[in-house]
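Structure first, then comments.
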Amino acid sequence: MVLILEWEYIPPAEVRGNSRAHRFKRSRTVRTMRDSAYAQARGHAAMDRCSIKLEFWHWRKIDLDNLLIGAKPWVDGLVDANVVPDDSPDHVRLEAPEFHKCQKGESKTIMEVRPL
């Protein structure tokens, strides 16, 4: 069964690759993101191995590698919810992410988790 998680934002700047945010601000944002993924994934059937595809929509172009770094707390939330046992390469395969431009104020992220 496919699990689809959706957020009305992209990973915030303080958790992305080029961030120089204070560790307390980063820590609070990471906790919020993990809890959000946990809440959406809780109760879903466990998968031993899965494939994760991320799609980002934003009005300004942002490097995909920075967005992927910022999406890690959401993957950790899947582990917290026991959807996958670990986020190591033995259990999780990341597919090529996609980026789409949209109108300002319509940013979102969709994570599709499929069993392998």
Legend entry - Cβ charges +1 (Lys, Arg) and -1 (Asp, Glu), total dipole of the chain, debye: 580 debye
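Over the range 10-106, calculate the relative contact order: mean separation of alpha carbon pairs under 8 Å at least 6 apart, over the residue count, as a percent.
Numbers: 143 pairs, mean separation 38.5, N = 97.
Result for the range 10-106 is 40 percent.
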Inset, instruction - Taking the dipole about the Cα centre of the chain, with the C-beta of Lys and Arg at +1 and of Asp and Glu at -1, give me whichever of THR109, SER51, ASN82 is farthest to the positive side. - result: THR109
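Calculate for the chain the 222 nm mean residue ellipticity that helices alone would give, adding -39,500 (n - 2.57) per DSSP H run of length 4 or more and normalising by residue count, nearest 500 deg cm²/dmol.
On the way: 3 runs with 35 residues, N = 116.
Helix contribution divided over all residues of the chain: -9500 deg cm²/dmol.
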Inset, instruction - Mind listing the long-range amide H neighbours of ARG93? Cut-off is under 5 Å, sequence gap 5 or more, other chains count too, H placed in the peptide plane at 1.01 Å from N. - result: CYS50, SER51, ILE52
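Would you work out the Kirkwood radius for the chain? I mean one over the mean of 1/r across all pairs of different Cα atoms, in Å.
14.3 Å
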Inset, instruction - Note down the accessible area of ASP80, probe 1.4 Å, to the nearest 10 Å². - result: 60 Å²
Inset, instruction - For the chain, give the share of DSSP beta bridges that are antiparallel, in percent and rounded to the nearest 5; count only bridges with both residues there. - result: 65 percent
Legend entry - Accessible area per residue in Å² at 1.4 Å probe, computed on the chain: 59 Å²
Inset, instruction - Would you work out what percent of the accessible area of the chain, with all protein chains in place, is carbon or sulfur (probe 1.4 Å)? - result: 48 percent
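For the peptides 50-56, 70-76, 4-10, what is the packing order when you average, over each peptide's residues, the other Cβ atoms within 10 Å and list the highest mean first? Working shown, then result.
Details: 50-56: 19.0, 70-76: 21.1, 4-10: 15.0.
The most tightly packed comes first, giving 70-76, 50-56, 4-10.
The values are calculated or read from the model by the stated rules, or taken from the named source; none is laboratory data. Model, not experiment: these values are computed from the prediction. Here Cβ is always computed from backbone atoms with ideal geometry, including for glycine, and neighbour counts include all displayed protein chains. Keep in mind that these areas ignore ligands, DNA and RNA; they rest on the heavy atoms of the full protein, side chains included. Shrake-Rupley method; radii C 1.70, N 1.55, O 1.52, S 1.80 Å.
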